[in-house]
Amino acid sequence: MGNFLALVQNENMKIYRRWRTWIMLALIVLLPILFGIIIAVNDGAFGSNMGAWSAASNLSFIYFLVSIFSVVIAADIVASEFTWGTIKLLLIRPWTRSKVLLSKLLAVLLFAIAISVLFTAVTAAISLILFPASPPVNASGPSTFDYFIKMLFYKFIDVLVITVFSFMISAVFRASGLAIGLSMFLLFASGILSAILSPAKYAWAKYLLFNNMDLSQYAMRESAGIAANADGMSLGFSVTVLVVYVAAFLIIAWMVFTRRDVAA
Amino acid sequence: MYMSQEPVVRLSNVTKKIGSKTIIDRLTLDIPAGQVYGFLGPNGSGKTTTIRMMVGLMSITEGDIVICGSSVKTDFEKAIAHIGAIVENPEMYKFLTGYQNMVHYARMSGVGKERIDEAVALVGLEKRIHDKVKTYSLGMRQRLGVAQAILQRPKLLILDEPTNGLDPQGIRELRDYLRVLAREEGTTVFVSSHLLSEMELMCDTVAIIQSGKLIDVRSLKAEDLEDQYAETGFEVSEPQRALELAPAGRLEEGRLIVTVNREQIADLNSRLVAAGIKVYGIQVLTRSLEDQFLEMTGGGQIG
């Protein structure tokens, strides 16, 4: 019997030996560079003097792609084994299904971390290169490095939650299309859903997943001078709700994956 | 080490129910070590379901399956470590090379590179092993399937309908590997099929299943066949006198019909000749195993 890390190594091999993974990584490198240049060109035209970290914060909208790519990898990692029929050979090794599933989860999380770090590094680098003007010494808000990193970190939490959601759908329904579709819906529609089912209107709405996914809302409230714990929600509350949801997703994925017959 | 008389696999009262339907009904079967053991039944009789329960892909509703002393139900990791298998078609990661596929499974079993090379050599895939699996023919994928199944030197090799979709040459080659494995590596082979003719060529014993029930187990070894009694027809010059010499027999279309084994055929023949009766021909009349199988399984209807 080998060691558990060998299983994670296998999952990584199956992720990074595919062309599409490298296309995703290439896009994550190329898009910040491309949009950085576009912003720089326009910036010069308008004669303003944007700081590097303001530019980086502007570019961080591309981080949306990181969510999408993480969701795609998570949606595929269990479902594709069923589609390919390789699940039959994967599960007849001296490893319990729980360990196989855990190795897949770890590989997905490693991918989400790797692609996030890559994006952050590329965005920071291109911003520093294209916008060398030093920011004011007493800068605050969106023009600081702290702000840029904090915003990305909040978005990263968002990515982790949506990725685990996608992973669960993949393990439960064994269909990557459904996992991608539902995750994308959650990702795109969460703004609209939050507006309709707002915690300001319904007290119970504060327990809904999409109302807690955007952790940056508390920093926004603070800077806008609104009480941070309006409608009974706070950063701590939202983090707790997210932890409970993620735990529930993982338990459901685990229960279904370890119990159901493989008849495909 | 388990003792040689202990079966490699012991299925006791194995039952599988899906909803209210009983797919496998109290199946009890011992598979002795070192044999090529056939599992024969028409399509839909429960062969694949049984195999999926043996390798843990499906849960066992009732009963238990014990592999080399470890229960699949309660001690899965230990039990499955003794098994190498191909369940239905050998599905591989097509975007990886054959070798990368082997590395994948080798890592899971803690097997080294030398063993990968050995297994690949045994199935004769050395030349193409570094090509992507998507460029492989079905026969080559089958070879890779066998290579991954024997990678960790399993005590038990399970092959589910291994000849499906193979051309005659591929079937011949597969049979040859199985013989090599059983003889040289001491592997017990459990192979399912719905084709009796195929079973007769490679198996020592055949268990016949229909509608989820075990209906017969019979040996196909030559020495065991010698002990089998079969209806035999003697074409003789004086049937009435011949019947007096073999009172247990009967006459049919001028022939003497008796139920005897191999030795008794020779005995009766010499007695007939000694009595001055001419023997023109001797013919074993028992229906072939194929006919019996078809009769037992109702001509292959889905149960």
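Within region A:193-211, can you find the residues that are surrounded by 15 or more Cβ atoms within 10 Å (Cβ to Cβ) and more than 15 Å from residue A:234 (Cα to Cα)? Scanning region A:193-211 gives A:193, A:194, A:197. Total residues in region B:153-171 satisfying the condition of being in contact with a helix residue (DSSP H, G or I) (Cβ under 9 Å, 6 or more places away or on another chain) and in a helix (DSSP H, G or I): the figure is 3. All conditions but one from (1) crowded, with 24+ Cβ neighbours inside 10 Å; (2) at the interface with chain A (Cβ under 7 Å from one of its Cβ atoms) apply to residue B:110; the one that does not is (1). The single condition among (1) within 29 Å of residue B:26 (Cα to Cα); (2) buried (at least 21 other Cβ atoms within 10 Å of the Cβ); (3) of a type in the set (D, E, K, R) that residue B:91 does not meet is (1). With respect to residue B:72, determine if the residue is more than 9 Å from every other protein chain (Cβ to nearest Cβ), among the β-branched types (Val, Ile, Thr), surrounded by 19 or more Cβ atoms within 10 Å (Cβ to Cβ) and over 25 Å from residue A:19 (Cβ atoms). The answer is yes for residue B:72.
If you check B:197, B:192 for being in contact with a strand residue (DSSP E or B) (Cβ under 6 Å, 6 or more places away or on another chain) and of a type in the set (S, T, N, Q), only one passes: B:192. Listed by first and then second residue, the pairs linking a residue in region A:158-180 that is within 13 Å of residue A:112 (Cα to Cα) to a residue that is charged (D, E, K, R) and not in a loop (DSSP other than H, G, I, E, B), with Cβ atoms under 9 Å apart and 6 or more places separating them unless they lie on different chains, are A:167/A:104. Surrounded by fewer than 18 Cβ atoms within 10 Å (Cβ to Cβ), in contact (Cβ under 8 Å) with a residue 24 or more places away in the chain and not in a helix (DSSP H, G or I) - does that describe any residue in region A:84-102? Yes: one or more hits. If you filter region B:50-62 down to residues that are without any contact (Cβ under 8 Å) to a residue 40 or more places away in the chain and in a helix (DSSP H, G or I), you find that the one that is nearest to residue B:193 (Cα to Cα) is B:52. Candidates in region B:113-152 are the residues that are outside any helix (DSSP H, G or I) and in contact with a Lys or Arg (Cβ under 9 Å, 6 or more places away or on another chain); of these, the one that is surrounded by the fewest Cβ atoms within 10 Å (Cβ to Cβ) is B:124. Every condition in (1) buried (at least 23 other Cβ atoms within 10 Å of the Cβ); (2) of a type in the set (Lys, Arg); (3) more than 12 Å from chain A (Cβ to nearest Cβ) is met by residue B:16 except one, and the failing one is (3).
The residue that is nearest to the other protein chains (Cβ to nearest Cβ), among those in region B:39-61 that are in contact with a strand residue (DSSP E or B) (Cβ under 7 Å, 6 or more places away or on another chain) and more than 20 Å from residue B:80 (Cα to Cα), is B:46. In the set A:121, A:107, only one residue is crowded, with 19+ Cβ neighbours inside 10 Å and either within 14 Å of chain B (Cβ to nearest Cβ) or at pLDDT 95 or above (or both); that residue is A:107.
Among the residues of region B:79-102, those that are more than 8 Å from every other protein chain (Cβ to nearest Cβ) and either assigned to a loop (DSSP other than H, G, I, E, B) or closer than 20 Å to residue A:14 by Cα (or both) comprise B:82, B:97, B:98, B:99, B:101, B:102. Taking the condition under 30 Å from residue A:51 (Cα atoms), of a type in the set (Gly, Ala, Ser) and touching a Lys or Arg at 6+ places or on another chain (Cβ under 9 Å), does residue A:80 pass? No, not satisfied.
The values are calculated or read from the model by the stated rules, or taken from the named source; none is laboratory data. Note that this is a predicted model, so its numbers are computed, not measured. We place every Cβ from the backbone using ideal geometry, glycine too, and count neighbours over all the protein chains shown.
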